[in-house]
């Protein structure tokens with residue numbers, strides 16, 4: 001579903017990535033971990049065409065995202081949803097209208113059909129009573145769930161999660177974790193950018209460690225537990241490299 005090959009990216013004199021290579025199969029969840037400033041979010045933005053590589057390629061469903069027409073880019077962003085770290089909700093719109101926006105912009109659904117789809121989605125995410133609330137009236141955990149619900153409203157094939165559990169209490173972290181697992185079970189392909197290793201180990205099929213602009217290690221959670229000398233163990237224990 002996603003194939004990144006020899007991806008390199010710099011901003012001025014600052015090298016962010018050099019020769020990044022990875023792939024994600026259908027229905028799989030890849031965890032991207034690494035320190036702050038290692039360019040994890042840059043990779044996510046590049047997958048939906050918000051950033052362009054200096055060299056290398058990104059294929060989504062066998063299409064190079066850097067050579068798409070405007071219409072093809074719109075189609076890509078209907079298939080690939082980005083779950084922003086803070087929810088990225090429209091402050092001036094209610095929860096209902098936040099979810100309605102992409103449906104009105106990109107579908108031919110009638111008013112009653114939009115209402116039913118939003119009600120069903122909010123119920124799925126435990127937000128059925130929140131439709132009329134404004135983002136400012138939501139807790140951090142609720143904002144993240146609304147952001148995830150909006151990302152799912154178009155039934156994407158691929159979800160890109162950018163720190164979905166950052167700053168959440170254990171209860172809301174577990175709710176987000178369970179939602180990610182549920183969506184994966186429905187066949188959604190995903191990439192999870194996170195510093196939350198317990199969540200990554202629970203939801204990801206493979207983990208990739210970014211260090212000094214490269215993926216230096218890749219393994220399954222099972223391999224992680226069997227490899228106490230792995231670089232990932234040093235990373236999560238705050239050891240220097």
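A few remarks follow.
- For segment 125-150, residues that are without any contact (Cβ under 8 Å) to a residue 60 or more places away in the chain, within 15 Å of residue 100 (Cβ to Cβ) and in a helix (DSSP H, G or I) total 4.
- In segment 13-39, the residues that are without any contact (Cβ under 8 Å) to a residue 12 or more places away in the chain form Cβ pairs under 9 Å with partners that are part of a strand (DSSP E or B), at six or more places apart or across chains, as follows: 37/16.
- Strands (runs of 3 or more DSSP E) contained in segment 1-106 and holding at least 1 residues touching a strand residue (DSSP E or B) at 6+ places or on another chain (Cβ under 6 Å) and over 30 Å from residue 117 (Cα atoms): 2-11, 14-24, 29-33, 55-60
- Scanning segment 162-187 for residues that are over 16 Å from residue 125 (Cα atoms) and either touching a strand residue (DSSP E or B) at 6+ places or on another chain (Cβ under 8 Å) or without any contact (Cβ under 8 Å) to a residue 24 or more places away in the chain (or both), we see that the one that is surrounded by the most Cβ atoms within 10 Å (Cβ to Cβ) is 162.
- Index of the failed condition, residue 49 passing every other in (1) in contact with a helix residue (DSSP H, G or I) (Cβ under 9 Å, 6 or more places away or on another chain); (2) crowded, with 16+ Cβ neighbours inside 10 Å; (3) at negative phi: (3)
- Of all residues in segment 124-146, those satisfying the criterion of being farther than 18 Å from residue 172 by Cβ and surrounded by 12 or more Cβ atoms within 10 Å (Cβ to Cβ) are 131, 134.
- Selection count, segment 200-224, where residues are part of a helix (DSSP H, G or I) and under 12 Å from residue 29 (Cα atoms): 5
All of the numbers you see were taken from the coordinates with simple rules; none came from a lab. What you see is a predicted model, and the numbers here were worked out from it, not measured in a lab. Counting neighbours? That spans all protein chains shown, and the Cβs are built from the backbone with ideal geometry, glycine included.
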